[in-house]
Amino acid sequence: MLIVDEEQKFGVAHKEKIKTIRTTVDCLTLTATPIPRTLQFSLMGARDLSIINTPPPNRQPIQTEVQVYNEDFVREAVYFETERGGQVFLFITA
């Protein structure tokens, strides 16, 4: 099973590649705000759409920080988040 979180961050090329493997793999895409193309697919019946109107119990707020790259900071932040059972999305740009 392939789970894609934050579908809107994928480009068309990525989505086309997923379509090629989709015949043998179940695919679940998640997004907080459906992009117009995805919404149109669901309205046409080409894709299923489910809406979660309430957050899961005990959901933690998202905390975003922009930092100058520091390997020790990254290591500590990832460790802290995974130890508490959270998720980490790390984007490093030049």
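Annotations
- Here residue 88 meets the list (1) in contact with a helix residue (DSSP H, G or I) (Cβ under 6 Å, 6 or more places away or on another chain); (2) at pLDDT below 70; (3) loosely packed, with under 12 Cβ neighbours inside 10 Å almost entirely, failing just condition (2).
Yes or no, residue by residue, for (1) under 17 Å from residue 4 (Cβ atoms); (2) modelled with pLDDT of 80 or more:
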{"site": "27", "(1), (2)": "yes, no"}
{"site": "35", "(1), (2)": "yes, no"}
{"site": "62", "(1), (2)": "no, no"}
{"site": "68", "(1), (2)": "no, yes"}
{"site": "76", "(1), (2)": "no, yes"}
{"site": "83", "(1), (2)": "no, yes"}
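- Condition check for residue 8 on (1) at pLDDT 70 or above; (2) outside any strand (DSSP E or B); (3) surrounded by 10 or more Cβ atoms within 10 Å (Cβ to Cβ): one failure, at (1).
- Scan of segment 49-74 for residues that are surrounded by 10 or more Cβ atoms within 10 Å (Cβ to Cβ) and assigned to a loop (DSSP other than H, G, I, E, B), ordered by number: 49, 60, 70
The values are calculated or read from the model by the stated rules, or taken from the named source; none is laboratory data. Predicted model, so just to flag it, every value in this text is computed and none were measured. Backbone-built Cβ (ideal geometry, glycine too); neighbour counts: all protein chains shown.
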